[in-house]
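One structure below.
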């Protein structure tokens with residue numbers, strides 16, 4: 001029997017995932033969830049990020065481009081790491097903490113409804129179905145933990161003490177973000193087949 | 001002929017909208033778009049916010065509750081307004097600029113696809129279908145312009161000069177946010193019936 005469009009899409013994403021996995025390119029906090037989803041019959045994952053603390057090369061207008069990352073950590077960050085990064089830098093920067101983002105795909109409306117149910121049950125307020133075509137439905141899930149502030153223009157906007165507080169806050173938000181991923185992982189294992 | 005579930009839901013939301021409109025409770029930048037959608041045959045709006053600059057009553061852990069707004073402006077803010085608000089305040093605060101958020105509903109998959117097309121054509125990266133039931137589908141649309149930073153703990157984290165720069169940046173982001181609403185409004189008028 002010829003494969004359906006969904007089966008072909010899932011197979012392609014499974015291969016891409018296995019390749020990324022073998023190269024160590026899957027963010028560790030999302031590894032268990034992505035591996036589980038890849039092995040289900042009805043779902044696949046496409047892009048993902050487990051959440052990050054970062055310094056962006058950007059002036060106040062913040063025209064973000066992928067090339068604009070100055071430093072990026074998918075984990076909590078120590079103050080001295082941040083300070084080291086800053087002493088080497090002479091241009092404008094933004095400080096950001098962004099939540100996880102994950103795309104999960106499926107092939108039928110019935111399964112898409114399950115994904116929305118998973119989102120709601122896991123207390124994830126942001127995201128939704130962003131691709132809706134025959135045999136290919138994709139849901140985006142993302143957290144709500146954010147910090148975003150211009151950190152340096154001609155000079156630093158935050159002094160060392162203030163920056164320490166902002167980083168501590170960002171690290172706490174990373175913890176909350178990882179907790180949300182854990183809840184999502186537990187629920188996905190119960191709800192998706 | 002008895003009304004369909006969608007027709008009943010649309011009628012209820014139309015009434016709620018008209019009531020809010022008569023009380024001046026629709027955010028001005030989203031007024032044209034919401035009025036247009038309310039008059040279409042196939043769509044309705046439920047909750048909305050046109051974007052805002054705000055001061056939140058919140059410690060570093062930021063457990064946001066609706067009651068926690070200390071100041072909220074759905075427009076650009078002057079520096080002296082912000083300073084006035086701050087001199088009156090003796091507790092921890094966060095400074096935030098958040099983008100618009102809008103929920104648009106419809107009754108069929110065909111019309112839901114149009115909404116996703118509208119989202120994509122308007123360059124809106126965040127959001128998606130978050131409710132998917134018989135006769136009631138709701139799409140959330142939201143911008144990507146954010147500033148979010150703890151502003152005051154025991155003392156201020158930003159000095160006056162830094163705060164001025166952050167507020168100017170927030171005001172520029174409000175402009176971009178309103179431009180995105182305009183693009184969305186123009187496209188909605190072309191695409192939704």
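Each reported figure results from applying straightforward, stated rules to the coordinates on display, with no laboratory input. The structure displayed is predicted, hence computed values, not measured ones. Here the Cβ is made from the backbone with ideal geometry for all residues, glycine too, and neighbour counts use every protein chain on show.
Could you check how many percent of all C-alpha pairs in region A:5-191 are farther apart than 29 Å? Intermediate results must be reported in sequence, preceding the final value.
Details: 5370 of 17391 pairs.
In whole percent, the share of Cα-Cα pairs in region A:5-191 beyond 29 Å is 31.
Could I have the simple spin-label model distance between residue B:76 and residue A:69, label points 7 Å from Cα toward Cβ, reported in nm to one decimal?
Modelled inter-label distance: 3.4 nm.
Which ordering of B:106, A:34 is given by a fewest-first count of other beta-carbon atoms within 10 Å?
A:34, B:106
Going 7 Å from Cα along the Cα-Cβ axis for the label, what nanometre distances separate residue B:161 from the same residue across the other copies?
So the label point of residue B:161 gives 1.8 nm to the other copies.
If I take every Cα pair under 8 Å that is 6 or more residues apart in region A:40-132, average their sequence separation and divide by the length, what percent do I get for the relative contact order?
It rounds to 40 percent for region A:40-132.
For B:36, A:95, what ranking results if the residue with the fewest other Cβ atoms within 10 Å of its Cβ goes first?
Ordered by Cβ neighbours within 10 Å, fewest first: B:36, A:95.
At 7 Å along Cα-to-Cβ for each site, give me the label-to-label distance between residue B:120 and residue A:59 in nm.
Reported label-point gap for residue B:120 and residue A:59 is 3.4 nm.
Assuming 0.36 nm per residue, please report the length gained on full extension of the stretch residue A:31 to residue A:176 beyond their Cα-Cα distance. Don't skip to the answer; put the middle values down first.
Working: separation 145, 0.36 × 145 = 52.20 nm, distance 1.73 nm.
Value of the extension gain: 50.5 nm.
Once you compute Rg and the Kirkwood Rh from C-alpha atoms, what is the Rg to Rh ratio for the protein assembly as shown?
A ratio of 0.98.
Based on the Cβ-Cβ distance from residue B:84 to residue A:5, what FRET efficiency comes out when R0 is 41 Å, to the nearest 0.05?
With a Förster radius of 41 Å, E is 0.10.
In whole angstrom, note down how far apart the Cα centers of region A:122-152 and region B:1-30 are.
With region A:122-152 and region B:1-30 each reduced to a Cα centre, they are spaced 27 Å.
So what is log10(I(q)/I(0)) for region B:1-81 at q = 0.12, 0.15, 0.23 1/Å, when the Debye sum runs over its Cα atoms only?
Per q value, in the given order, log10 I(q)/I(0) is -0.52, -0.71, -1.07.
Angle between the Cα long axis of helix B:28-39 and the longest principal axis of chain B, 0 to 90 degrees, nearest 10?
With both axes taken from Cα atoms, the answer is about 10 degrees.
Roughly how many nanometres apart are two label points built 7 Å out from the Cα toward the Cβ at residue A:19 and residue A:156?
Going from the residue A:19 label point to the residue A:156 one covers 4.3 nm.
So for B:81, B:88, fewest C-beta neighbours within 10 Å to most, what's the order?
Fewest-to-most Cβ neighbours within 10 Å comes out as B:88, B:81.
Please give the calculated 222 nm ellipticity per residue for the protein assembly as shown, where each DSSP H segment of at least 4 residues contributes -39500 (n - 2.57) and the sum is spread over every residue; nearest 500 deg cm²/dmol?
About -14500 deg cm²/dmol.
Multiply the residue gap between residue B:190 and residue B:133 by 0.36 nm, knock off their C-alpha separation, and tell me the result in nm, one decimal place.
17.9 nm is the gain from fully extending residue B:190 to residue B:133.
Take the Cα coordinates of region A:117-193, assign each an equal point scatterer, and use the Debye formula without solvent to give log10 I(q)/I(0) at q = 0.15, 0.20 Å⁻¹.
-0.69, -0.92
For residue A:164 and residue A:109, what is the calculated FRET efficiency with R₀ set at 51 Å and r taken between the beta-carbons, to the nearest 0.05?
After rounding, the FRET efficiency stands at 0.55.
How far apart are the residue A:22 label points across copies, placing each 7 Å from Cα toward Cβ, in nm, shortest first?
6.8
With chain A treated as a Gaussian network of Cα nodes joined by springs under 10 Å, which of A:158, A:31, A:102 yields the largest mean-square fluctuation?
Evaluated over chain A, the most mobile residue of the options is A:158.
Just to check, using Stokes-Einstein with a Kirkwood Rh over alpha carbon pairs, what's the diffusion coefficient of region A:66-138 at 25 °C and 0.890 mPa s in µm²/s?
156 µm²/s
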